[in-house]
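J.: Sharing a structure here in C-alpha cells format.
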Amino acid sequence: SAAGHLPEDTPRLLLDDPAVTTELAELPATDTDPGERHGVVSPQSPAYVIYTSGSTGTPKGVAVTHAGAASLVAQQAEGLGVGPDSRVLQFASASFDAMFWEWCMALLTGATLVLAVGERLVPGRALAELAAEHRITHATIPPAALATMAVDSLPTVTTLVVAGEAPSATVVADWSRDRTMINAYGPTEATVCATMSGPLTGTDTAPIGRPITNTRVFVLDAGLAPVPAGVVGELYLAGAGLARGYLNRPALTAERFVANP
C-alpha cells in the first residue's frame, strides 16, 4: 500500500486497519457533537487541504474553505448547465484539485458521478468506450489528452471543459464544433477554478474568461496598483474562492496572501 512507502515517523490513519474499523464501528451514529470538534466550524473553515509544489519545489498544503466550494458549485450549475440529468466523469487523479471540481460538479448538483479504474481513463479508445457506455455528458479533460483522441470519439459529451494548460487553436477548433467547450483557469490557491471562459469557437487563442461566482480578479503592478489596459502585470485573485493560506506556513502565507488594498 501507499502507507508502506512513507517515512516511519509519518503519522497515518489506515481506514482498513482492523483496529480503526472497530473503533469507527463503536462511535455513535448521531451527528458530530460540537465538543468532538477541534474548533468552531464556519463557512471559512477548511473544507480540504491539498499539497502543491508550485515554483519552489517544496510541497505546501493549501487550505481551501467551505465558502469557496459553495461558490464553485454555483458557477458550475449556471455556467456548465449541470444538474440531476447530467453524468459527470471523474477523470482527475486524487493528487489534483481537479478531482474536487468533479466531485462538486456531480455530487452537489444532484448529477451522477461516474468512476472508473485507471485503465479505462487512458485517453483514446479506452476513454471513448467508457464515455459511451456510461453516457457521460460533462467531462473535464486536459488539452494534451484531447489532442491524442479522435474528434468524434466523445459524442455523448455535451459540455467539455479544458483546464490545466492553455488549449491550442487546433484543439479548440476540433472539439468545440458539436458541444459547449469551456476553458477554466485557477491555481491551487483558489477553490480549483478562478475564471471560466464563455463557449469557445473557431481557432482564436482561448481566453481564461471572467471571474466565477463571488470571485474578483485584478491585474496589478509591483505596488499592487491596477495597471492600464494592455500593460503587463501580475494576476491577483480575491473573494470567497481564495484559500485561507498555506497549512502551518504563516510566513509564506503572509508573503503570498496579501491584504486587498
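J.: In the stretch 149-183, how many residues are open to solvent by 70 Å² or more (accessible area, probe 1.4 Å), β-branched (Val, Ile, Thr) and within 22 Å of Trp101 (Cβ to Cβ)?
T.: Going through the stretch 149-183 one residue at a time, the tally reaches 1.
J.: A further question follows. Output the strands (runs of 3 or more DSSP E) that fall wholly within the stretch 1-99 and possess 2 or more residues being within 26 Å of Val117 (Cβ to Cβ), or say none.
T.: On the way: elements: 46-52, 60-65, 87-89.
By residue number, 46-52, 87-89.
J.: Given the conditions (1) under 18 Å from the mean Cα position of the chain (by Cα); (2) over 22 Å from Val172 (Cα atoms), which single one is not true for Glu133?
T.: Among (1) under 18 Å from the mean Cα position of the chain (by Cα); (2) over 22 Å from Val172 (Cα atoms), the lone unmet condition for Glu133 is (1).
J.: Within the stretch 212-261, track down each residue that is among the acidic types (Asp, Glu) and not in a strand (DSSP E or B). Show your work before the answer.
T.: Quick first cut of the stretch 212-261, residues among the acidic types (Asp, Glu) only: 221, 234, 255.
Passing the criteria: Asp221, Glu255.
J.: Across the stretch 46-79, which residue is most open to solvent (accessible area, probe 1.4 Å) among those that are in contact with a helix residue (DSSP H, G or I) (Cβ under 7 Å, 6 or more places away or on another chain) and within 22 Å of Arg216 (Cβ to Cβ)?
T.: We begin by selecting, within the stretch 46-79, every residue in contact with a helix residue (DSSP H, G or I) (Cβ under 7 Å, 6 or more places away or on another chain); these are 47-48, 60, 69, 72-73, 76.
Filter once more, so that each one left must be within 22 Å of Arg216 (Cβ to Cβ): 47, 69, 72-73, 76.
Details: Ala47: 42, Ala69: 12, Leu72: 1, Val73: 21, Gln76: 0 Å².
Here the answer is Ala47.
J.: Would you please list the contacts, defined by Cβ atoms under 8 Å and residues six or more apart or on different chains, that run from a residue in the stretch 36-63 that is under 16 Å from Gly241 (Cβ atoms) and modelled with pLDDT under 90 to a residue that is part of a strand (DSSP E or B) and not polar (S, T, N, Q)?
T.: Thr52/Lys60; Thr52/Val62
J.: Could you check the stretch 100-120 and list, in sequence order, the residues that are in a strand (DSSP E or B), surrounded by fewer than 20 Cβ atoms within 10 Å (Cβ to Cβ) and among the hydrophobic types (A, V, I, L, M, F, W, C)? Let's see the steps before the verdict.
T.: Of the residues in the stretch 100-120, the ones in a strand (DSSP E or B) are 112-114.
With surrounded by fewer than 20 Cβ atoms within 10 Å (Cβ to Cβ) added as a condition, the list becomes 112-113.
The one that is in a strand (DSSP E or B), surrounded by fewer than 20 Cβ atoms within 10 Å (Cβ to Cβ) and among the hydrophobic types (A, V, I, L, M, F, W, C): Leu113.
J.: Suppose we keep only residues that are buried (at least 19 other Cβ atoms within 10 Å of the Cβ) and in contact with a helix residue (DSSP H, G or I) (Cβ under 8 Å, 6 or more places away or on another chain) within the stretch 185-203. Which one would you say is farthest from Ala94 (Cα to Cα)?
T.: Of everything passing the filter in the stretch 185-203, Leu200 is farthest from Ala94 (Cα to Cα).
Here is a yes/no grid of residues against (1) under 20 Å from Pro142 (Cα atoms); (2) in contact with a Lys or Arg (Cβ under 7 Å, 6 or more places away or on another chain):
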site: Thr10; (1), (2): no, no
site: Gly39; (1), (2): no, no
site: Pro46; (1), (2): no, yes
site: Ala74; (1), (2): no, no
site: Val88; (1), (2): yes, no
site: Trp103; (1), (2): yes, no
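J.: Test each condition in (1) over 23 Å from Asp97 (Cα atoms); (2) within 22 Å of the chain's Cα centre (by Cα) for Val227 and report the one that comes out false.
T.: (2)
J.: Give just the number: which of (1) of a type in the set (Ser, Thr, Tyr); (2) open to solvent by 40 Å² or more (accessible area, probe 1.4 Å); (3) at pLDDT 95 or above does Ser95 not satisfy?
T.: (3)
The values are calculated or read from the model by the stated rules, or taken from the named source; none is laboratory data. As the structure is a prediction and not an experimental result, all values here were calculated from the model. Cβ sites come from the backbone with ideal geometry, for glycine too, and all protein chains shown count toward neighbours. These accessible areas exclude ligands, DNA and RNA; they are computed on the full protein's heavy atoms, side chains included. Shrake-Rupley method; radii C 1.70, N 1.55, O 1.52, S 1.80 Å.
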